[in-house]
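Heads up, the thing below is written out as structure tokens.
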Amino acid sequence: MRGEPRSRIYLVLPLTLQDCPTTRDTMTTAATDRSPPAAHPNIAFIGGGNMARSLIGALIAHGADAGSITVAEPRADARDDLAREFGVRTYADNADAVAGAECVLLAVKPQIMRDVCAQLAEPLREIRPLLISIAAGVRIDQLQRWLGAHLAIVRCMPNTPALIGAGASGLCVNARVGAAQRALAERIFSAAGIVRWIDDEAQMDVVTAVSGSGPAYFFLLTEAMEDAAVSLGLPRETARALSMQTCFGAGRMLASSNETASQLRARVTSPHGTTEAALQVFAQGDLHALVLRAMKAATLRGGEMSAELD
Ligand SMILES: NC(=O)c1ccc[n+]([C@@H]2O[C@H](COP(=O)([O-])OP(=O)(O)OC[C@H]3O[C@@H](n4cnc5c(N)ncnc54)[C@H](OP(=O)(O)O)[C@@H]3O)[C@@H](O)[C@H]2O)c1
């Protein structure tokens, strides 16, 4: 990601939220408090990359005080961007960023998580913040092993649409997380989309298979529709525009409707019509079984990736 203009990603966020108020309100869980944090707890982000930027942008857009947010990021130009764009305090040293933090959010790649935890174990032992990890595949017991068993830990699996404020995050906790810490974690991630609590951490691999990897399934379907339209004679640009807008419009309808995907599908499927003809072909190919097989593979791979970090 080195050298990429990460700042551009956040710029999409407020536009998208304002464009789709009904969608977002419908998508957010009833249990989720999307009001700004009452007091502004000090939050330290370790790693100032794509995910951290989207969460910081969402928090500030929901009323969090930029002065309460610190970010540790090794690259000087990225630190300058973060400070300029969000007004947050930035540090080259992870230990400096966590001083005084009530919540430390680990937003580095899974492969370097063990080393980052080794650096942070001592400072975190003293300040005992709520520790949140968004690293794919990193289990709570691994974080406890690397950081010490005394910490309250939230493991979160966000997804890429969090970058435009339309994320879906699954969260689970260890036994040390109290109600106020749970509420804080929920406020952070509900600023960037919807939140669901997962009771059994083993199910986080399923969360990864649904919402973590899910955007790619959706992109694949859009890609397949575009390619098929070209094969059937449409110019590429027309095929792309119609496929993309159709998927966007259908997703937005689904998010703003009280009906399920299944009900909406039935509503647009007239007997003996064109849609029914296409859906019969999907059924002959047993699309449901294929999706189940694909998601089983993703779930299994998630478990393997966690084991590789042991
Ligand atoms: N992106 C997603 O869709 C997504 C979805 C779910 C979960 N996640 C998880 O979110 C985490 C972050 O992903 P991302 O996409 O935001 O990655 P990213 O853009 O690469 O951000 C990671 C950041 O950490 C910085 N970093 C590297 N070494 C560091 C260190 N020792 N201490 C502090 N910061 C350090 C990197 O700086 P340099 O660029 O200089 O190396 C980079 O700015 C990952 O664990 C990933 O599994 C991401």
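Just so you know, all these numbers are worked out from the coordinates, no wet-lab data involved. In this text, all values refer to a predicted model and were calculated from it rather than measured experimentally. So basically every Cβ, Gly included, is an ideal-geometry build from the backbone, and we count neighbours across all protein chains shown.
Label-to-label distance for LEU309 and ALA283 is 4.3 nm, based on points extended 7 Å past Cα in the beta-carbon direction. Note on ARG267/PHE219: beta-carbon distance plugged into 1/(1 + (r/R0)^6) with R0 of 41 Å gives a FRET efficiency of 0.95.
The modelled label-to-label distance for the pair PHE248/ALA294, using points 7 Å beyond Cα in the direction of Cβ, is 2.2 nm.
Projected label points at THR238 and ASP96, each 7 Å from Cα along the beta carbon direction, are separated by 5.9 nanometres. Rounded to the nearest 5, what % of DSSP beta bridges with both residues in the chain are antiparallel? The antiparallel fraction comes to roughly 15 percent. The distance separating the Cα centre of the stretch 91-124 from that of the stretch 177-223 comes to 22 Å. When peptides 137-148, 288-299 are sorted by average Cβ neighbour count within 10 Å, with the highest value leading, the order is 137-148, 288-299. Dipole orientation for the chain: of the candidates GLY48, LEU120, TRP146, GLY48 has the Cα lying most toward the positive pole (charges on Cβ; Lys, Arg +1; Asp, Glu -1).
When the chain is treated as a GNM with alpha-carbon contacts under 10 Å, the residue of PRO271, PRO110, PRO123 showing the greatest mean-square fluctuation is PRO271. Here the calculated FRET efficiency for GLU122 and GLU201, from their Cβ-Cβ distance with R0 = 25 Å, stands at 0.45, rounded to the nearest 0.05. Based on Cα contacts under 8 Å between residues 6+ apart, the stretch 116-155 shows a relative contact order of 55 percent. Between ASN42, ASN258, ASN174, the residue with the greatest mean-square fluctuation in the GNM of the chain (Cα pairs under 10 Å linked by springs) is ASN258. Once the chain from GLN111 to SER256 is taken as fully extended at 0.36 nm per residue, the excess over their C-alpha distance is 48.4 nm.
Dividing the helix sum by the residues of the chain, where each DSSP H run of 4 or more adds -39500 (n - 2.57), gives a mean residue ellipticity at 222 nm of -16500 deg cm²/dmol.
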